[in-house]
Every structure is written in C-alpha cells, then in structure tokens.
1. Going by what's in this entry, would B:L358 be described as within 14 Å of another protein chain (Cβ to nearest Cβ) and crowded, with 24+ Cβ neighbours inside 10 Å?
2. Which condition breaks for B:S280 when tested against (1) within 24 Å of B:N68 (Cα to Cα); (2) of a type outside the set (D, E, K, R); (3) more than 19 Å from the chain's Cα centre (by Cα); (4) within 14 Å of chain A (Cβ to nearest Cβ)?
3. Specify which of the listed residues (B:G354, B:G349, B:G406) is in contact with a helix residue (DSSP H, G or I) (Cβ under 9 Å, 6 or more places away or on another chain) and at positive phi.
4. For the condition within 17 Å of the chain's Cα centre (by Cα) and not aromatic (F, W, Y), what is the one hit in B:T270, B:T321, B:T253?
5. Identify the residue in the stretch B:20-67 that is buried (at least 24 other Cβ atoms within 10 Å of the Cβ), more than 11 Å from chain A (Cβ to nearest Cβ) and of a type in the set (F, W, Y) and, among all such residues, is farthest from B:Y395 (Cα to Cα).
6. Name the single residue, out of those in the stretch B:251-304 being among the aromatic types (F, W, Y) and touching a residue at least 60 places away in the same chain (Cβ under 8 Å), that is nearest to B:F434 (Cα to Cα).
7. Given the conditions (1) in contact with a helix residue (DSSP H, G or I) (Cβ under 7 Å, 6 or more places away or on another chain); (2) modelled with pLDDT of 90 or more; (3) surrounded by fewer than 21 Cβ atoms within 10 Å (Cβ to Cβ); (4) more than 7 Å from every other protein chain (Cβ to nearest Cβ), and given that A:L56 satisfies all but one, which numbered condition is not satisfied?
Amino acid sequence: MRGEAISIWFFIGLSLLVNGALIVGAGVWQLIYPPEHPVVLVSLHASLWWGAVLFLCGLTYCLRFRPGRAA
Amino acid sequence: MMAVWAMFVADRLVHLSPVDLVIVAFYFVLVLAIGFHLRGQSNTSEDFFMAGREMTAWIAGLSFLSANLGALELMGWAAAAYQYGILATHWYWIGAIPAMLFLGLVMMPFYYISKTHSVPGYLQLRFGEASRTLSAVSFAFMTVLMSGINMYSMALVMKVVLGWDINFSIWVSSLTVAAYVALGGLRSAIFNEVLQFILIWAGALLIPILGLIETGGWANLKAQIAVNASSEYTHLWSTLGSFNDNPMGIHWTGIVFGLGAIISFGYWTTDFLVVQRVLSAKDLRAAKMAPIIGAGFKMLVPIIVILPGLLALAVLPVKLTGETSAVANGGHSYNEVLPLMLARYCGPGLLGLGITALIAGFMSGMAGNVSAFTTVWTYDIYRALIRKDAPDQHYVSMGRWTTVVGVLISVGTAYLVMQFASIMDYVQALFSFFIAPLFGTVVLGMLWKRATPAGGFWGLLAGTLSSIGMWAWVKVDHSALRYVALSPNARDMAENMYRALWSWIFCVVVTVVVSYLTQPKPDRELVGLVYGCTEIPHESAVPFYEKPVFWGVVVAIIFVILNILFW
C-alpha cells in the first residue's frame with residue numbers, strides 16, 4: 001500500500017533550507033570571531049549572502065511542495 | 001596571502017569545522033530518509049526497476065545528468081582543465097550535447113514504445129537472445145567493477161582531502177547507497193540523484209563566482225593564463241589543426257569523429273546507466289524532453305568543473321603536477337585542483353557544502369551503477385537465463401538482494417584495486433571496448449530494418465573484439481599508434497577516440513555484410529522497434545513551446561553559439 005508521497009522538491013527545499021541556515025550561522029559567527037586563517041575574498045562575506053540565497057530558495061520550495069498541499 | 005595559503009594547505013587539503021561536519025551528516029540523514037519514505041512505493045517490479053514509469057521530464061532529465069555527474073567526473077575534469085585547458089570542455093559540449101539531443105528526438109521513441117526495461121532488453125526484442133546476453137553480461141560485469149573502482153578512487157580522495165580513513169569512507173558511503181537503493185529501488189536512486197544534482201550546484205557554484213571576481217573577469221583570466229601557461233589553454237577549436245599545437249595532443253578529427261560522433265553517442269544513447277533514468281519517464285513526451293533538459297544543463301556544467309580548473313591556472317600560488325611527481329616531491333597533483341579551490345574560497349559552512357557536493361556526486365554515480373546493474377542482472381540475466389516464470393514479488397526480492405550483493409562486489413573490487421592498482425587501467429579500458437560497438441548495433445537496429453539478428457550479434461561481437469585487438473596491439477607494440485590513432489604523437493585520449501571510431505566502423509560493416517547474407521525479420525515483427533515500421537505518436541495537440549523538437553533546436557543553437565564564442 002502506498003503512503004502519501006512527499007514531493008522530491010520538498011526534500012530538496014528542506015536540504016537547502018537547513019544548509020542555508022547553517023551557512024548563514026557560520027557566516028555570522030565569522031563576523032563576530034574573525035578566523036585566524038581567512039579564506040581568499042573573506043571580505044565579501046560569501047557565507048552570508050550565499051547562505052541566505054540557499055535559505056530563501058529552500059523556504060520557497062518547502063512551502064510550495066510541503067506535504068498535504070496540492071502541487 | 002601566499003604564506004597563509006601555504007599554511008592552510010600544508011597538513012591536509014581542507015580541515016572541516018563542526019558546522020561542516022553537521023552539513024555532511026545532515027546529507028546522509030536526508031538521503032536515508034528519502035529511501036525510507038519511498039520503501040512502500042517499490043512493491044512491484046515495475047516500481048522497483050522502472051520507478052513506476054511515472055517520472056516527470058524534469059526529474060528524469062536531472063537524474064539522467066546526475067547519474068553521470070560523479071565526484072570523479074567533477075574532480076577529474078577540473079584536473080583535465082588545469083592540465084589541458086578549455087579543451088576539456090569538448091567532453092561536455094560536442095562530447096555530449098549532439099548525442100543527448102539524438103537520444104531524445106530520434107532514439108527515445110523506439111526505446112519507449114517498445115516498453116523495454118533495459119538496453120540489452122531492446123537488443124533482445126530487435127536481434128534476439130544472443131545479442132542481449134552478450135550485451136547484458138558485459139554491461140553487468142563492467143558496471144559493478146567500475147562502481148568499485150570509483151568507490152576506491154573516491155575513498156582515496158577523501159583520505160587526501162580530509163584525512164579520512166579509506167575503510168571508513170568505503171563502508172559508510174557504500175552502505176548508505178545500498179540502503180536507499182534497496183529500500184526504494186530506482187525511484188529512490190532517481191530522487192536522490194536530483195537532490196545530489198542541486199547540492200552539487202549549490203556547493204560548487206561559488207568557486208567560479210568568487211574566482212572570476214578575484215581575477216577580474218574572463219578577459220583578465222585569459223590574459224593571466226596566457227602568462228602562467230599558454231594562450232592555447234583558452235581556445236576550444238583553433239589549436240586543433242595539428243596534434244602538436246595543443247596541450248592534449250589531439251587533432252580535430254579525433255574530437256569530431258571519435259568523441260563527438262562515436263564515444264559520446266555510444267555512452268549517452270546506449271549506456272544503460274543513463275538511459276534507464278529516461279525510461280522511467282511518465283509518457284513519451286516526457287521521455288523525449290528528459291535528455292533535452294539534461295543537455296541544457298550539461299552545457300552549463302563546465303561552469304562548475306572546467307572554469308575552476310582554468311581559474312586555478314591563474315590564481316593558485318602552487319604549481320600542480322602529475323600524481324607520480326606529486327607523491328615523489330610532496331606537492332599537489334592535478335586531481336586536487338577542485339578541493340584546493342574549495343579551500344581557497346570557502347570558509348566554514350560553505351566548505352561543508354562543497355565537500356557534501358563531492359560526496360553527493362560520488363554517491364549519485366554509485367547509485368546509478370548499482371541500480372542499472374540490478375535491473376540488467378534481474379531482467380536480462382536472471383529472468384532470461386535462470387528463472388523465467390517466477391512471480392513478480394520474486395523479482396522484486398531478487399532486485400533488493402542484488403542491490404546489496406552488487407554493492408558488496410563493488411566493495412570487494414575497491415579492496416582488490418587497493419592491492420593491485422594496475423587493475424584500474426585495465427578495467428577502464430575494458431569498459432570502453434563495449435560502448436562504441438554497442439552504439440553501432442543499436443542505431444542500425446533502430447534505423448535500418450534490413451539489419452538481421454545474425455548481423456546484430458556478429459557486428460557487436462566483431463566490433464568489441466576489434467577494439468580489444470587494437471588496444472592489445474598498441475600495448476604490445478607502441479609504434480602501432482601511428483595506425484590506430486593516425487599519429488605516433490597521439491596521446492592516450494586520442495588513442496581511445498580513434499579506437500572507438502574504428503571499432504564502430506568494424507561493427508557497422510560486419511552488421512551490414514552479415515545482414516545482407518541472412519534473412520531479415522518480417523516487418524510485422526519490427527513494429528515498435530524500427531524506424532519505418534513504427535508509427536510515432538504526433539504532438540500536434542500541444543503548443544510549439546511544449547514540443548521536444550522546439551527545445552532541441554534551442555539547445556542546438558546555444559551549443560553552436562558557445563562553440564563559436566570560445567573558438
């Protein structure tokens with residue numbers, strides 16, 4: 001018997017959401033505690049904006065394809 | 001800055017922070033969760049082996065591409081870009097796009113309408129049991145061995161890059177793949193491949209973005225490469241007039257006829273590892289669109305694979321070398337270029353995502369190998385030769401167990417390669433023996449109704465044996481390269497391409513000759529299998545922008561423009 005199928009896009013959204021949140025968190029941490037050996041172009045704060053992009057994409061997909069909502 | 005860089009990479013290539021490890025661990029949890037979620041949706045053989053034939057064009061298309069986008073593919077071609085320059089892009093453009101469009105627009109209707117479960121299954125319908133057995137046994141054997149070789153190579157990379165124990169990498173990744181494929185079958189493999197595809201882009205795209213910012217754009221990058229290496233490294237076609245004018249030692253005829261016409265068509269249209277993803281599409285239009293969607297994204301892959309290799313030529317303060325030299329002198333090898341670029345730009349969090357992208361690439365490739373092996377073993381060997389009339393549930397159980405056994409054989413191969421490294425070269429060469437002749441057999445079978453069962457079988461066998469023969473000839477007498485590859489200066493890649501071309505010609509000639517000497521099948525037995533005997537459903541009811549042929553033309557135009565832009 002088949003259970004309710006969760007869309008693959010929901011799983012992808014969840015992945016981007018969680019990873020985005022973790023990366024933004026790591027970026028904020030680096031702002032507060034600058035690393036001893038910074039990466040190249042650390043001044044661009046890629047963790048913050050790339051993490052935010054992933055988080056927003058993930059949030060959109062999670063809401064759009066959440067279980068129980070017709071796609 | 002250089003001193004900081006040298007310190008950073010001195011011990012191991014990258015050092016993961018706790019947040020990086022959380023991201024990697026979350027990935028493993030998620031792929032297993034997908035497998036558990038889908039375990040109730042793979043109760044019939046159609047569900048387990050063909051994902052119920054209900055995938056949308058997007059899912060089938062991304063999975064089609066992702067099954068090929070393994071970690072070794074990512075790191076290997078980034079390394080090739082560092083070593084050979086932009087010429088490596090040929091493997092993504094002319095070495096893939098025309099073949100993918102041909103699969104979608106010309107071949108897919110026959111694969112799909114025939115309702116075959118596999119490429120060997122199509123050969124059985126078209127040419128009979130002997131051709132299927134030859135193709136299935138060679139594919140199953142080589143796929144599972146290749147999976148083991150990839151597994152070992154990836155574990156080695158994890159050791160070099162992260163300092164992880166080889167045994168830990170092999171067992172954790174292989175058991176994870178075995179669990180989610182055995183639980184959810186092809187559907188689980190496909191869903192995870194789509195997830196992995198997205199993660200690969202999310203994890204790798206920052207390198208070219210930040211790299212281009214650092215170098216000051218494409219024009220400055222080219223200028224810097226001309227200083228650090230040579231201006232030949234940034235031209236796609238203009239240096240291919242002679243074997244000696246380009247870093248790869250290859251001629252344009254090898255690229256166009258060997259790679260573009262034979263190797264890529266062989267791989268993308270007949271290797272069941274990728275074709276299986278498209279066969280899972282929900283209808284014919286989705287099946288035709290899937291390779292075209294895959295082709296669209298394939299054109300973009302050089303952004304995350306080739307561009308980092310080129311950027312490394314411009315910005316890395318260290319000079320990368322071959323593996324042997326790197327080991328002897330304690331430096332870094334070409335194969336480490338992608339992890340080095342990750343370490344250069346990605347701090348905590350981003351680094352974890354980048355490493356997750358590499359692991360995801362490895363697992364998607366392995367899941368592709370394992371699910372294709374399982375299907376071919378169950379349908380084309382076990383059911384065809386050992387037990388024909390078992391209940392459907394029996395074949396599903398066989399599929400689940402074969403998944404586990406296939407992974408264990410792969411693990412065994414990985415350990416075998418660990419002891420005898422030279423096996424890797426032989427197995428990779430063996431795999432290439434079958435691809436080009438198989439394309440000859442399948443394409444003649446689909447497009448020429450006069451091709452007979454005997455012609456198909458003997459053509460496939462002759463093409464394969466000729467490929468093995470040429471390979472052995474060059475091994476025994478290196479001067480034979482002037483005949484096989486048309487030049488004594490040809491390098492390994494050029495030799496592979498010309499060998500593929502000759503073996504395809506052998507296959508086609510033998511198939512045609514034997515076919516004219518033997519009795520063809522009547523037309524009524526070729527319905528659904530061959531052009532001219534099969535009515536292809538029309539798509540007149542859908543608007544032009546939903547037709548596969550429209551998107552095929554769009555992709556083809558972009559393909560031509562890109563080749564001219566980077567000429």
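1. Values: within 14 Å of another protein chain (Cβ to nearest Cβ): no; crowded, with 24+ Cβ neighbours inside 10 Å: yes.
Here the answer is no, as B:L358 does not meet what is asked.
2. B:S280 satisfies all of (1) within 24 Å of B:N68 (Cα to Cα); (2) of a type outside the set (D, E, K, R); (3) more than 19 Å from the chain's Cα centre (by Cα); (4) within 14 Å of chain A (Cβ to nearest Cβ) except (3).
3. Working: B:G354 fails: at positive phi; B:G406 fails: at positive phi.
Only one candidate qualifies: B:G349.
4. Values: B:T321 fails: within 17 Å of the chain's Cα centre (by Cα); B:T253 fails: within 17 Å of the chain's Cα centre (by Cα).
Exactly one residue qualifies, and that residue is B:T270.
5. B:F64
6. If we filter the stretch B:251-304 for residues that are among the aromatic types (F, W, Y), which is where we start, we get B:252, B:257, B:265, B:267-268, B:272, B:297.
Okay, now just the ones that are also touching a residue at least 60 places away in the same chain (Cβ under 8 Å), so B:257, B:265, B:267-268, B:272, B:297.
On the way: B:F257: 17, B:F265: 13, B:Y267: 10, B:W268: 13, B:F272: 12, B:F297: 27 Å.
By that ranking, first place goes to B:Y267.
7. Looking at each condition in turn, A:L56 falls short on (1).
Yes/no per residue for (1) more than 14 Å from the chain's Cα centre (by Cα); (2) outside any helix (DSSP H, G or I); (3) within 9 Å of chain B (Cβ to nearest Cβ); (4) under 19 Å from B:I209 (Cα atoms):
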| position | (1), (2), (3), (4) |
| --- | --- |
| A:L14 | no, no, yes, no |
| A:V18 | no, no, yes, no |
| A:G27 | no, no, yes, yes |
| A:P34 | yes, yes, no, no |
| A:H37 | yes, yes, yes, no |
| A:V40 | yes, yes, yes, yes |
| A:S43 | yes, no, no, yes |
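The values are calculated or read from the model by the stated rules, or taken from the named source; none is laboratory data. Computed from a predicted structure; not experimentally measured. Because the Cβ atoms are built from the backbone with ideal geometry, glycine has one as well, and the counts that use them run over all protein chains shown.
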